[in-house]
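Here, each number is a calculation from the coordinates, and none is a lab measurement. Predicted, not measured: the structure shown is a model, and the values here were computed from it. Here the Cβ positions follow ideal geometry from the backbone for every residue, glycine too, while neighbour counts run over all protein chains shown.
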Amino acid sequence: MPQDPSRAQPGVRLTHVRALGLFGTLLAILTMFAAVGVGFVAFFATALIAAAVVALAWPLIFSPEFSLWVFSAPRAPFWKLFLLFMVAGTVKKLFGLRRK
C-alpha cells in the first residue's frame, strides 16, 4: 500500500542515549568480555584442566633436555599443551571414543 506523503512518519526518540556515559560503556564492555570468558571456559574446560595439570607435572617427570627436544623450550608451554589436548579431544569425538 503506498505511503501518503502528507502523513507524518512515526519516529523513535532516543532521549537517554548518553545516560550510560564512559563508565557505563566500560562496564558494558567488561560484562561482554566476562561472558565470552565464561563461555570459553565452559566450552574448553576439559582441555584447559588437562593442559594445566600436564604443564605443572611436566618438569617433575621429564628433564629439561627432553622438553627442549620435544617443545623447543626447557619447559612445556601451556598453549602448546592446550592445543594438543584440543586436537586430542577432537580426534576422540571424531572417532567416537567414549567412556562406557
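Would you please name the chymotrypsin sites (Phe, Trp or Tyr not before Pro) within the stretch 29-100 that are DSSP coil residues with at most 12 other C-beta atoms within 10 Å of their C-beta?
Those that pass, being in a loop and sparsely packed, are 95.
At residue 68 and residue 84, where each label point lies 7 Å from the Cα along Cα→Cβ, what is the point-to-point distance in nanometres?
For residue 68 paired with residue 84, the spin-label model returns 1.8 nm.
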